[in-house]
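Asker: Pasting a structure here, questions to come.
The values are calculated or read from the model by the stated rules, or taken from the named source; none is laboratory data. In this text the structure is predicted, and so the values were computed from the model without any measurement. Heads up, the Cβs are rebuilt from the backbone with ideal geometry, glycines too, and the neighbour counts pull from every protein chain shown. Ligands, DNA and RNA are excluded from the accessible area calculation, which covers all protein heavy atoms including side chains. Shrake-Rupley method; radii C 1.70, N 1.55, O 1.52, S 1.80 Å.
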Amino acid sequence: MIRIGLLGAARIAERAIIQPAALRRDVVIAAVAASNLEKAQAFAQQFDIELALGSYDELLARDDIDLIYNALPPSLHAQWSIKALLLGKHVLCEKPFAMDVEEAKDMVATAEISGRLLIEGYHYRFHPVFAEVQRLVASGELGTIHTVRSNFSVRIAETPGSLRHNVPLGGGALMDLGCYPLHWLRTLFGSTPEILWADAICPKPQLDSSFELRLQFPNGPLCYVGCSMSEHLNRQHDAYLCLEGDKAQLEVFNLVAPHQGHHLRLTKYGEAHDYQMNGDSTYDHQLAHVVACIKGETKPLTGGRDAIDQMQLIDDAYKAAGLLPRGLCK
């Protein structure tokens, strides 16, 4: 039995790991730690968690916890993931992995030294829909892919304590939303692109509510990337990927959360074919992957060099838009 400890009483934990864990017999949510005991106790009562702890250190010190789920703000990912690893815990860390590439390097180095797993929570990565996109790209069915258009946007209203609007905590549209299409593209094309152009809309100093990028992969496609959390947008998120090849075009609607409804559209010779892929929630597939990694049945698909390169691209994107990498905003 893999005993999971929640680092932070975060809202995302319910769908990201509590619900998936409830469907399995080989894992249990054993404890939750929050910034104070009252908060942890309320969370534990709501989700029927055995143990509530009033500090993060208390959770990490326990020898009956195998896996830490780190859902703290990005500004705390490095500090507490590193502590967890050094105390012998595996870590599933929410995206974005860190505040900048230097923190990412420290985290990955610690994982290597400790011999424990450090996996980044890009949950879409483990779903059959993304596997199908990879298959089509690798098979050559699309031909030579010359243009890619990608976007992840959704209205995120600013509320008291909203970390997405708090730059020192790691806020910003690129950190919270744009990291997804950047990761799609890096994963599909297996390299790091050159940033040709970048621009951001900032309603407050350093806080990007919208971000646009134009990228070029080595010997690969020209890519247009967009993301926005502006309050004029719809509450229904737009997570779209379009791959234009010289043989066919593939469009993917809702690549981030395909379990909430998705379809793929493959267009060849002017005829479009729409279809779907069977699968559980992206978070179910993510937890299954993490468990398989802990059992030694497979190798992690995220974390490690991938996480370092991802944070380097995010840092470079902020610089290209005339903004500071988040690590310099703490």
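Asker: Given the options 75, 114, 55, name the one that is in contact with a Pro (Cβ under 8 Å, 6 or more places away or on another chain) and either of a type outside the set (D, E, K, R) or open to solvent by 10 Å² or more (accessible area, probe 1.4 Å) (or both).
Answerer: The conditions single out 75.
Asker: Of 83, 95, which residue is in a loop (DSSP other than H, G, I, E, B), at pLDDT 95 or above and within 22 Å of residue 29 (Cα to Cα)? Break it down stepwise before answering.
Answerer: Values: 83 fails: in a loop (DSSP other than H, G, I, E, B).
Every option except 95 fails the conditions.
Asker: Restricting region 312-330 to residues that are of a type in the set (A, V, I, L, M, F, W, C) and in a helix (DSSP H, G or I), which is farthest from residue 178 (Cα to Cα)? Working first, answer last.
Answerer: In the first step, residues of region 312-330 are kept if they are of a type in the set (A, V, I, L, M, F, W, C); the result is 313-314, 317, 320-321, 323-324, 328-329.
Remaining after also requiring in a helix (DSSP H, G or I): 313-314, 317, 320, 328.
Values: 313: 11, 314: 9, 317: 10, 320: 15, 328: 19 Å.
So, considering only residues that are of a type in the set (A, V, I, L, M, F, W, C) and in a helix (DSSP H, G or I), the one farthest from residue 178 (Cα to Cα) is 328.
Asker: Could you check region 230-255 and list, in sequence order, the residues that are part of a loop (DSSP other than H, G, I, E, B) and open to solvent by 10 Å² or more (accessible area, probe 1.4 Å)?
Answerer: Correct list: 230, 231, 232, 233, 234, 235, 236, 237, 246, 247, 254.
Asker: Tally up the residues in region 256-311 that are open to solvent by 40 Å² or more (accessible area, probe 1.4 Å), without any contact (Cβ under 8 Å) to a residue 12 or more places away in the chain and part of a helix (DSSP H, G or I), please.
Answerer: Adding up the residues that qualify gives 1.
Asker: Moving on to the next point. Report yes if some residue within region 217-229 is among the aromatic types (Phe, Trp, Tyr), outside any strand (DSSP E or B), farther than 15 Å from residue 137 by Cα and modelled with pLDDT of 95 or more; otherwise report no.
Answerer: For region 217-229, residues among the aromatic types (Phe, Trp, Tyr), outside any strand (DSSP E or B), farther than 15 Å from residue 137 by Cα and modelled with pLDDT of 95 or more: absent.
Asker: Looking at (1) buried (at least 17 other Cβ atoms within 10 Å of the Cβ); (2) more than 23 Å from the chain's Cα centre (by Cα), find the lone condition where residue 64 falls short.
Answerer: Residue 64 satisfies all of (1) buried (at least 17 other Cβ atoms within 10 Å of the Cβ); (2) more than 23 Å from the chain's Cα centre (by Cα) except (1).
Asker: Sticking with this structure for a sec: Which one is farthest from residue 141 (Cα to Cα), of the residues in region 232-265 that are at pLDDT 95 or above and acidic (Asp, Glu)?
Answerer: Among residues in region 232-265 that are at pLDDT 95 or above and acidic (Asp, Glu), the one farthest from residue 141 (Cα to Cα) is 251.
Asker: Taking residue 318 as the residue in question, decide whether it is open to solvent by less than 60 Å² (accessible area, probe 1.4 Å), of a type in the set (Phe, Trp, Tyr) and over 19 Å from residue 69 (Cβ atoms).
Answerer: On the way: open to solvent by less than 60 Å² (accessible area, probe 1.4 Å): yes; of a type in the set (Phe, Trp, Tyr): yes; over 19 Å from residue 69 (Cβ atoms): yes.
It is true that residue 318 is open to solvent by less than 60 Å² (accessible area, probe 1.4 Å), of a type in the set (Phe, Trp, Tyr) and over 19 Å from residue 69 (Cβ atoms).
Asker: Separate question: Just checking, does region 123-139 include any residue being open to solvent by less than 60 Å² (accessible area, probe 1.4 Å), among the β-branched types (Val, Ile, Thr) and over 28 Å from residue 294 (Cα atoms)?
Answerer: yes
Asker: Moving on. So, residue 326, is that one among the basic types (Lys, Arg), closer than 30 Å to residue 19 by Cβ and touching a helix residue (DSSP H, G or I) at 6+ places or on another chain (Cβ under 9 Å) or not?
Answerer: Numbers: among the basic types (Lys, Arg): yes; closer than 30 Å to residue 19 by Cβ: yes; touching a helix residue (DSSP H, G or I) at 6+ places or on another chain (Cβ under 9 Å): yes.
In short, yes.
Asker: How do the helices (runs of 4 or more DSSP H) wholly within region 1-77 filter down when requiring 2 or more residues that are without any contact (Cβ under 8 Å) to a residue 60 or more places away in the chain and within 24 Å of residue 164 (Cα to Cα): which remain?
Answerer: Counting at least 2 such residues, we get 37-47.
Asker: Then there's this: Picking from 106, 100, which residue would you name as being touching a residue at least 12 places away in the same chain (Cβ under 8 Å) and open to solvent by 50 Å² or more (accessible area, probe 1.4 Å)?
Answerer: Of the residues listed, the single one that is touching a residue at least 12 places away in the same chain (Cβ under 8 Å) and open to solvent by 50 Å² or more (accessible area, probe 1.4 Å) is 106.
Asker: In region 11-36, what count of residues is obtained for those that are open to solvent by 20 Å² or more (accessible area, probe 1.4 Å) and closer than 19 Å to residue 76 by Cα?
Answerer: Residues in region 11-36 being open to solvent by 20 Å² or more (accessible area, probe 1.4 Å) and closer than 19 Å to residue 76 by Cα: 4 in total.
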